[in-house]
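S.K.: Before I ask anything, let me first share the structure, which is written out below as structure tokens.
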Amino acid sequence: MKKILVTGAAGFIGSFLAKALCEQGNKVVGIDNLNDYYDVNLKYGRMEELCGIHREDLKTGELCLSRKYRNYHFIQGNLTDSSLLEQLFKDEQFDLVCNLAAQAGVRYSLINPQAYAESNLIGFLNILEACRHHNISHLIYASSSSVYGMNNKTPFSETDRTDAPVSLYAATKKSNELMAHAYSNLYHLPTTGLRFFTVYGPWGRPDMAPYLFMDSILNEKPIRVFNHGKMIRDFTYIDDIIQAVVRIVEQAPSSTPNAIPHRIYNIGHSRPVKLMDFIQCIEEVTHKKAICHYEDMQPGDVVCTYADTTALQKDFQYAPQTEMSEGIKQTYQWFLRWKGLKER
């Protein structure tokens, strides 16, 4: 049993990870600033449904006990608040940290770049400093498939070049990898970066394609299809993501005289799907036809994502289990419940 801090614990991946770690018997503390980048009710809904944290119990800056898991506490706070982090690390004496907090979204980085500098750079630096000063045995942090930029070689391998990001969001995620590598080298802090590939599933973000497309199709509104539909994504179901992360949490990279304790893994389904096929799958589960509005490629976007997960398979026996048809079905059933709709 470990004591683990999960940042971004009201987020999509963070809330599922906190739940999984609690069910393993770990003591878990979650932190999230509950910002309004998207509907904050979705964040409160995740916390209540998955982790037993109720909105009315929250007090800013104070630990709140889950009504579902006696081994889970949550605190509302911002990673840019270094004094809050210092006190939290001092009081709780964490063994491990899973840093999933970040300002997400490629297109939003064109509108509000300052938010990315504050959350993804300053916030991450504060986490690194807290880990260094409090003897954390393993820092696991979220990177992104976006670091591969316009790489034409597929599938994307962890050894591929990632020095040409096409969005500020991608640049901050690559910066996180470099910062973590530096701390692993300087202070022998074991760190593992996770390059997530297009995560989807119940409780997913409303700015992501599955949610947007379902909402538009059900309401008979046009959906924006970029690059005229000529896009490919390595859609990866949330359960498969969590399967990988909980295994990685348990095994820190070793530090030897000839090896820096830092590693990076792709986490994807490794079976990329054409965007139009993805839309067709949603049409099949909703029994409604999409109204597609075809548009040009958007700045900062990429045509294809495709994960080479060989390293993850070798080191952690990772094997995604969820086929797209089943993942979309589960997502749709959740979406109907969330919206208070009946299945058609």
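The values are calculated or read from the model by the stated rules, or taken from the named source; none is laboratory data. No experiment lies behind these values; they were computed from the predicted model shown. No Cβ is skipped: glycine too gets one built from the backbone with ideal geometry, and neighbour counts run over all protein chains shown.
S.K.: Does at least one position in segment 38-46 carry a residue that is in the same structural domain as Tyr141 (by TED's automatic domain parsing), on the phi < 0 side of the Ramachandran plot, among the basic types (Lys, Arg) and surrounded by 21 or more Cβ atoms within 10 Å (Cβ to Cβ)?
M.R.: Just the residues of segment 38-46 that are in the same structural domain as Tyr141 (by TED's automatic domain parsing), to begin with: 38-46.
Keeping just the survivors that are on the phi < 0 side of the Ramachandran plot gives 38-46.
Within this subset, residues satisfying the condition of being among the basic types (Lys, Arg) are 43, 46.
Those still in the list that are surrounded by 21 or more Cβ atoms within 10 Å (Cβ to Cβ) too: 43, 46.
Checking segment 38-46: at least one residue is in the same structural domain as Tyr141 (by TED's automatic domain parsing), on the phi < 0 side of the Ramachandran plot, among the basic types (Lys, Arg) and surrounded by 21 or more Cβ atoms within 10 Å (Cβ to Cβ).
S.K.: Related question: Kindly list, by first and then second residue, each pair from a residue in segment 126-144 that is assigned to a strand (DSSP E or B) to a residue that is acidic (Asp, Glu), limited to pairs with Cβ atoms under 7 Å and residues at least 6 apart or on different chains.
M.R.: That search, which allows pairs on different chains as well, returns Ser143/Glu177.
S.K.: If you don't mind, there's one more thing I want to ask. Could you tell me whether Ser184 is on the phi < 0 side of the Ramachandran plot, surrounded by fewer than 22 Cβ atoms within 10 Å (Cβ to Cβ) and not hydrophobic (A, V, I, L, M, F, W, C)?
M.R.: Numbers: on the phi < 0 side of the Ramachandran plot: yes; surrounded by fewer than 22 Cβ atoms within 10 Å (Cβ to Cβ): no; not hydrophobic (A, V, I, L, M, F, W, C): yes.
Here the answer is no, as Ser184 does not meet what is asked.
S.K.: Can you pull out every residue in segment 208-240 that is among the charged types (D, E, K, R) and out of contact with any Gly (no Cβ under 6 Å at 6 or more places or on another chain)?
M.R.: Pass one, segment 208-240, residues among the charged types (D, E, K, R): 215, 220-221, 224, 230, 233-234, 239-240.
Within segment 208-240, Asp215, Glu220, Lys221, Arg224, Lys230, Arg233, Asp239, Asp240 qualify.
S.K.: It is to be established whether one or more residues within segment 108-121 are in a loop (DSSP other than H, G, I, E, B) and either buried (at least 18 other Cβ atoms within 10 Å of the Cβ) or modelled with pLDDT of 95 or more (or both).
M.R.: In the first step, residues of segment 108-121 are kept if they are in a loop (DSSP other than H, G, I, E, B); the result is 111-112.
Cutting the leftovers down to either buried (at least 18 other Cβ atoms within 10 Å of the Cβ) or modelled with pLDDT of 95 or more (or both) gives us none.
No - not one qualifying residue is present in segment 108-121.
S.K.: Which of the residues that make up segment 129-166 are under 19 Å from the mean Cα position of the chain (by Cα), surrounded by fewer than 24 Cβ atoms within 10 Å (Cβ to Cβ) and over 16 Å from Asn266 (Cα atoms)?
M.R.: Across segment 129-166, the qualifying residues are His138, Pro165.
S.K.: When the residues of segment 252-271 are filtered to those that are of a type in the set (S, T, N, Q), farther than 11 Å from Pro190 by Cα and not in a strand (DSSP E or B), which remaining residue is modelled with the highest pLDDT?
M.R.: The qualifying residue modelled with the highest pLDDT is Ser270.
S.K.: For the condition in contact with a Lys or Arg (Cβ under 6 Å, 6 or more places away or on another chain) and aliphatic (A, V, I, L, M), what is the one hit in Leu50, Leu85, Leu63?
M.R.: Working: Leu85 fails: in contact with a Lys or Arg (Cβ under 6 Å, 6 or more places away or on another chain); Leu63 fails: in contact with a Lys or Arg (Cβ under 6 Å, 6 or more places away or on another chain).
The conditions single out Leu50.
S.K.: In addition: Taking segment 184-214 only, how many residues are farther than 19 Å from Val106 by Cβ and touching a residue at least 60 places away in the same chain (Cβ under 8 Å)?
M.R.: Just the residues of segment 184-214 that are farther than 19 Å from Val106 by Cβ, to begin with: 184-192, 201-203, 214.
Okay, now just the ones that are also touching a residue at least 60 places away in the same chain (Cβ under 8 Å), so 184-185, 188-192, 201-203, 214.
Residues flagged as farther than 19 Å from Val106 by Cβ and touching a residue at least 60 places away in the same chain (Cβ under 8 Å) within segment 184-214 amount to 11.
S.K.: Here's something else I'd like to know. Name the residue, out of Pro222, Pro206, Pro257, Pro253, that is in contact with a Pro (Cβ under 7 Å, 6 or more places away or on another chain) and more than 20 Å from Pro320 (Cβ to Cβ).
M.R.: Values: Pro222 fails: in contact with a Pro (Cβ under 7 Å, 6 or more places away or on another chain); Pro206 fails: in contact with a Pro (Cβ under 7 Å, 6 or more places away or on another chain); Pro257 fails: in contact with a Pro (Cβ under 7 Å, 6 or more places away or on another chain).
Going through Pro222, Pro206, Pro257, Pro253 in turn, the sole match is Pro253.
S.K.: Tally the residues that are of a type outside the set (D, E, K, R), farther than 15 Å from Ala180 by Cα and assigned to a loop (DSSP other than H, G, I, E, B), restricting the search to segment 88-100. Give the derivation first.
M.R.: First pass over segment 88-100, keeping only residues of a type outside the set (D, E, K, R): 88-89, 93-94, 96-100.
Filter once more, keeping what is farther than 15 Å from Ala180 by Cα: 88-89, 93-94.
Those left that are additionally assigned to a loop (DSSP other than H, G, I, E, B): 93-94.
The total comes to 2.
S.K.: Let me ask another. What are the residues in segment 249-276 that are within 28 Å of Gln24 (Cβ to Cβ), in contact with a Lys or Arg (Cβ under 9 Å, 6 or more places away or on another chain) and either touching a residue at least 24 places away in the same chain (Cβ under 8 Å) or surrounded by 20 or more Cβ atoms within 10 Å (Cβ to Cβ) (or both), if any?
M.R.: Listed by number, the residues that qualify are Val249, Pro253, Ile264, Tyr265, Asn266, Ile267, Gly268.
S.K.: Might you let me know whether segment 241-251 holds any residue that is modelled with pLDDT under 95, within 26 Å of Gly11 (Cβ to Cβ) and among the acidic types (Asp, Glu)? Spell out the reasoning first.
M.R.: Taking segment 241-251 as the starting set, the residues that turn out to be modelled with pLDDT under 95 are 250-251.
Imposing the further condition that a residue be within 26 Å of Gly11 (Cβ to Cβ) reduces the set to 250-251.
Filter again for among the acidic types (Asp, Glu), leaving 250.
So far as segment 241-251 goes, yes, one or more of its residues are modelled with pLDDT under 95, within 26 Å of Gly11 (Cβ to Cβ) and among the acidic types (Asp, Glu).
S.K.: Turning to a different aspect of this structure: Please state which of the following conditions Phe213 fails to meet, knowing it meets all the rest: (1) among the aromatic types (Phe, Trp, Tyr); (2) outside any strand (DSSP E or B); (3) in the same structural domain as Val245 (by TED's automatic domain parsing).
M.R.: If we test Phe213 against (1) among the aromatic types (Phe, Trp, Tyr); (2) outside any strand (DSSP E or B); (3) in the same structural domain as Val245 (by TED's automatic domain parsing), just (3) comes out false.
S.K.: Now for a separate question. Show the residue pairs meeting these rules: Cβ distance below 7 Å; 6+ apart or different chains; first residue within segment 150-174 and without any contact (Cβ under 8 Å) to a residue 40 or more places away in the chain; second residue among the polar types (S, T, N, Q) and part of a loop (DSSP other than H, G, I, E, B).
M.R.: Asp160/Asn151; Lys174/Thr162
Residue-wise test of (1) at pLDDT 95 or above; (2) outside any strand (DSSP E or B); (3) closer than 20 Å to Ile136 by Cβ.
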residue	(1), (2), (3)
Ala9	yes, yes, yes
Cys22	yes, yes, yes
Asp36	no, yes, no
Arg46	yes, yes, no
Leu50	yes, yes, no
Thr60	no, yes, no
His73	yes, no, yes
Leu79	yes, yes, yes
Leu84	yes, yes, yes
